[in-house]
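Student: A single structure is presented below for examination.
Read-outs: derived from the displayed coordinates by stated rules, not from any lab. In this text, all values refer to a predicted model and were calculated from it rather than measured experimentally. In this analysis, Cβ positions are derived from the backbone assuming ideal geometry, glycine residues included, and neighbour counts consider all displayed protein chains.
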């Protein structure tokens, strides 16, 4: 399966926000995330970088 | 491999912009894309939706 883990970057730390994310849909200044288990999260934030081969998506909260 | 194809949505059409994308990095109002073959593209646009299990990323140009 080709989902990716979504990490929230805060300063120099990155913490796992949601694992095995399938869908990401930006909506205004929010991001809607849904993973392969049907778990959903919406955060006020933006995508900082994605490295799909590494299964990694880095997000930051909007200030 | 878990890269995804990036499509550019224009009205009701979607055309393939870059296949087998590994990295996407938003930079201001641009998106930097790099695929597993080392091909790179930068477009003035935004991510509309991502469905990683379907290997699909949809982008739109900024107006």
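Student: Compute a Gaussian network model of chain A, connecting alpha carbons closer than 10 Å, and tell me which residue from A:12, A:49, A:34 fluctuates the most.
Tutor: A:12
Student: Of B:54, B:22, how do they rank once you tally other Cβ atoms within 10 Å and put the fewest first?
Tutor: With the sparsest Cβ surroundings first, the list reads B:54, B:22.
Student: Considering Cα pairs under 8 angstrom that are at least six residues apart, work out the relative contact order of segment A:4-61 and quote it in whole percent. Don't skip to the answer; put the middle values down first.
Tutor: Numbers: 124 pairs, mean separation 20.2, N = 58.
The normalised contact order for segment A:4-61 reaches 35 percent.
Student: I've got another one for you. Using every Cα-Cα pair within chain A, state what percent have a distance larger than 16 Å.
Tutor: Of all Cα-Cα pairs in chain A, 37 percent lie more than 16 Å apart.
Student: Ok, one more. Ordered shortest first, which distances in nm separate the 7 Å Cα→C-beta label point of residue A:9 from those of the other copies?
Tutor: Spelled out, the distances from residue A:9's label point are 2.6 nm.
Student: Same structure again: Tell me the distances, shortest first, between residue B:37 and the same position across the other copies, using label points 7 Å along Cα→Cβ, in nm to one decimal.
Tutor: With the label placed 7 Å along Cα→Cβ, residue B:37 yields 3.8 nm.
Student: Here's a follow-up. Which residue of chain B is nearest the rotation axis onto chain A, counting by its Cβ, and what is the distance in whole Å?
Tutor: Here the value is B:2, 2.
Student: Enter the Cα centre distance for the pair chain B and segment A:20-58, rounded to the nearest angstrom.
Tutor: Chain B and segment A:20-58 have Cα centres separated by 15 Å.
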